[in-house]
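Report on one structure; see the data block that follows.
The values are calculated or read from the model by the stated rules, or taken from the named source; none is laboratory data. Computed from a predicted model, the values in this text were never measured in an experiment. Positions of Cβ are generated from backbone atoms using ideal geometry, with glycine treated the same way; all protein chains shown enter the neighbour counts.
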Amino acid sequence: MVRENFGGFQLANLFEQELQKQSVFLNRDAISQHFIPKELPFREKQLKEISSILTAALQGKKPNNVFVYGKVGTGKTCVVRHVLQELQEFKQKSSARVESCYINCRVHNSKYKALQKCCKEFYPSENFLGYSAAFVFEKILDFARKNKNQVLIALDEIDKVKDLDELVYALSRGNDELEQGEGAITIIGISNNVLFKERLDARTKSSLCQEELVFAPYNAEELKEILKQRVEIAFKPKSVQESALNLAAAIAAQESGDARTAVLLLLRAGELSDKESKEKVSDEEVKKAKSKVEEEVIYNMIATLPDQEQLVLYTIALLAAKQKPLQKITGQQEPGALMSGEVFEEYKRVAKKFKESNVSARWFRAYLNELETYGIISTTKSGPGMVGNTRLIRLNPEASKVKESIEKEISG
DNA sequence: CCTCCACAGGAAGCGCAGGAGT
DNA sequence: ACTCCTGCGCTTCCTGTGGAGG
């Protein structure tokens, strides 16, 4: 190994140095978002419920379809994948004919794409690209028929499927085509959109929702336990202070009850500790990680926003920063509140400056609503003291760095 | 009380891109 | 290769809403 000598100071190989750096992590992967833990605390009830529904498959009978919903980070995906995994393991020891596949509908977002993915799972060595939907579907039926398989299809983020009615209809019609004792197809739908169920076709709804499971958000105590468990496998012993862990749990519980943010918070805190060569993760790092995670979340969201919506948001951030006095307000409104009409006028100017066209006022209002549901801005109805019925717009404090983020996004 | 203001948000329809069927 | 179809982003048009002002 070549070593350079700078005035008597010996420089070790750069990578060697990096690798020798001490870390608070033991197994960093175990705290990444994609990691599926062996145990799922506070979800025993749901685990039992799903497995008791699916047990029928082991007896060669068709289980009811299941629809699982709850907010992000409440363990829906983990629970379903866990149960399917257990089922596969149990199958090895018995003679049951059960096959399952997991499909993320964010990626496979149409009937055709989802069926393709199914086929790929069941016939790994064959390729059905280019074949018609009917043919691909027939292949899946064959798969059930051939070995009298009970086929379980888990559709995650099922609300992303464009023609869901047709997909569900096709799959349930498939069951009619399969003779008694020839196997069957069961759907496990997962969604984090609670309202989405109501938008479904009545037939689809009754078919999909034969069994329903709701996942409530975790509270601070539960998040604490979950984090504790993850810390044990992901971090070196005693490298995370108890108070830091509690803080992370409390923050996540307050925000959303989302286990993913909680885990991400600790991951970032750990990285910060490493960076500063500290051997422990303390409150300080968690606090720093909090703003980092918030920024990350906001930045990621902004980056996926349509260009025009970014401009709308940018305009709001611009005006909020300027604290531009509002001419039309007669009463004394809280500072920083912007009137939607004025923002629209300014937005048109901003768009011109960037040599972009602008959307109509109607669509501008729709963008405002969207930005509000994302939690980047908040709006209130104009009350007494002001002419007309408008909305007062405020940039949420967590989104204070929006302007910089968008400038970065526009220039990059 | 009526009218005006300054919007909110529903409904219909339009042009386009991309995928399916032929 | 070609039409046909459909979802998507958007505009246009319209009705509704809540307060100010005469």
**Prompt:** Quick one: which of A:R365, A:R349 is among the basic types (K, R), more than 10 Å from DNA strand C (Cβ to nearest atom), at pLDDT 90 or above and in contact with a helix residue (DSSP H, G or I) (Cβ under 9 Å, 6 or more places away or on another chain)?
**Reply:** A:R349
**Fill in**
If we keep only residues of the range A:374-397 that are near DNA strand B (Cβ under 8 Å from one of its atoms) and among the polar types (S, T, N, Q), then the residue nearest to A:A321 (Cα to Cα) is A:T379
**Residue selected from the range A:206-249 under the condition part of a strand (DSSP E or B), touching a helix residue (DSSP H, G or I) at 6+ places or on another chain (Cβ under 8 Å) and hydrophobic (A, V, I, L, M, F, W, C), by the criterion nearest to A:S32 (Cα to Cα)** = A:F235
**Fill in**
Matching residues in the range A:17-55 (within 16 Å of A:V80 (Cβ to Cβ) and of a type in the set (K, R)) number 4
**Fill in**
Checking A:L200, A:L223, A:L208, A:L245 in turn, the sole residue that is crowded, with 23+ Cβ neighbours inside 10 Å, of a type outside the set (D, E) and modelled with pLDDT under 85 turns out to be A:L208
**Request:** Filter the range A:106-123 down to the residues that are among the aliphatic types (A, V, I, L, M) and over 17 Å from A:Q150 (Cα atoms), then identify the one that is modelled with the lowest pLDDT.
**Result:** A:V107
**Prompt:** List, please: which pairs have Cβ atoms under 8 Å, are six or more places apart or on different chains, and start with a residue in the range A:345-363 that is free of Cβ contacts under 8 Å to residues at least 12 places away in the same chain and end with one that is away from DNA strand C (no atom under 14 Å from the Cβ) and among the charged types (D, E, K, R)?
**Reply:** none
**Prompt:** Within the range A:48-75, restricting attention to residues that are within 19 Å of A:E222 (Cα to Cα) and out of contact with any Asp or Glu (no Cβ under 8 Å at 6 or more places or on another chain), which residue is surrounded by the most Cβ atoms within 10 Å (Cβ to Cβ)?
**Reply:** A:G75
**Item:** Scan of the range A:373-388 for residues that are polar (S, T, N, Q) and part of a loop (DSSP other than H, G, I, E, B), ordered by number
**Value:** A:S382
**Request:** Working only within the range A:389-403, note down all residues that are outside any helix (DSSP H, G or I), without any contact (Cβ under 8 Å) to a residue 24 or more places away in the chain and of a type outside the set (S, T, Y).
**Result:** A:N389, A:N396
**Complete:** Apart from one, (1) more than 7 Å from DNA strand C (Cβ to nearest atom); (2) loosely packed, with under 13 Cβ neighbours inside 10 Å all hold for A:V387; the odd one out is (1)
**Item:** Only listed residue being within 16 Å of DNA strand C (Cβ to nearest atom), hydrophobic (A, V, I, L, M, F, W, C) and assigned by TED's automatic domain parsing to the domain that holds A:L178, chosen from A:A114, A:A144
**Value:** A:A114
**Prompt:** Scanning the range A:36-65 for residues that are among the aliphatic types (A, V, I, L, M) and assigned to a loop (DSSP other than H, G, I, E, B), which turns out nearest to A:V98 (Cα to Cα)?
**Reply:** A:I36
**Prompt:** In this structure, is A:E398 more than 11 Å from A:V312 (Cβ to Cβ) and touching a helix residue (DSSP H, G or I) at 6+ places or on another chain (Cβ under 7 Å)?
**Reply:** yes
